[in-house]
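Comments concern the structure below.
The values are calculated or read from the model by the stated rules, or taken from the named source; none is laboratory data. Keep in mind it's a predicted model, so treat the numbers as computed, not measured. When we count neighbours, we look across all protein chains shown, and the Cβ atoms used for this are built from the backbone with ideal geometry, even at glycine. Accessible surface areas use protein heavy atoms only, side chains included; no ligands, DNA or RNA. Shrake-Rupley method; radii C 1.70, N 1.55, O 1.52, S 1.80 Å.
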Amino acid sequence: YGHLEAAGLTPAAHDRRPAPRAFPLLLAIGILDSATRMGFLLFLPFVLTEKGASLQTIGLAMTLVFAGGAAGKLACTFIGARIGAIGTVWLTESLTAAGILALFPLPLDAALVLLPLVGVALNGTSSVLYGSVPELVASERRTRALSIFYTGTIGSGAIAPILFGRAGDVLGVWTALVVVAAIALLTLPLASQLRSALPR
């Protein structure tokens, strides 16, 4: 529970009832995080193609993102234990947005170097969010809360590519990618609200 206590997400065993607003805020963060991840993966091949990437290079790029994502889930477990769940959301979502925007001016080779780091930030948040769900609801509602959280985040991941695809057609790939970065940043005020909603 170390990372949860540091964020104010104290275990139910401490006789503190979870704040009513806490779980909806966590769910909203999870939905936006999932949408960001799918939006980035949707547009990445187009971005790399415009930078001159071949089909093989795009395949390598996706592998780098996924490898970084696997490392991010492990790394954020340790990061969360040190700076808390809320701090981890701020760190990973800020780095996600910064990494997405950093792709704009970079040449292809530099972009490939950056992608594993983007993958770390892009996928790291979810492990902390999932782990926080049981601590933000009463014990008798945890199974239902987890099912809602999974449905919300997976549903967001399914719907987001459709919406982003339409945005890409209307706005262009690069502008739509800015929208993806902006959605990542929308999690930050929600995380601040979550901190204030937690029991002291």
Tell me, what is a quarter of the convex hull surface for the C-alpha atoms of the chain, in nm² with one decimal? 10.7
Give the peptides 129-135, 61-67, 26-32 in descending order of average Cβ contacts within 10 Å, highest first. 26-32, 129-135, 61-67
Quick one: with all protein chains in place, what share of the accessible area of the range 90-200 is carbon or sulfur, to the nearest percent (1.4 Å probe)? 70
So what is the relative contact order of the range 15-127, in percent, for Cα pairs below 8 Å that sit 6 or more residues apart? 40
In whole Å, how far is the Cα centre of the range 51-99 from that of the range 162-183? 20
With all pairs of different alpha carbon atoms counted, what Kirkwood hydrodynamic radius in Å does the range 146-200 show? 13.1
Kindly provide the helix-only [θ] at 222 nm of the chain, computed as the sum of -39,500 (n - 2.57) over DSSP H runs of four or more divided by all residues, to the nearest 500 deg cm²/dmol? -29000 deg cm²/dmol
Along the range 149-155, what does the Karplus equation 6.51 cos²θ - 1.76 cosθ + 1.60 (θ = phi - 60°) give for ³J(HN,Hα), rounded to whole Hz, x for Gly and Pro? 5, 4, 4, x, 6, 5, x
Counting each pair of different Cα atoms once, what's the Kirkwood radius of the range 28-112 in Å, rounded to one decimal? 14.0
For the range 100-190, what is the convex hull volume of its Cα atoms per residue in Å³? 109
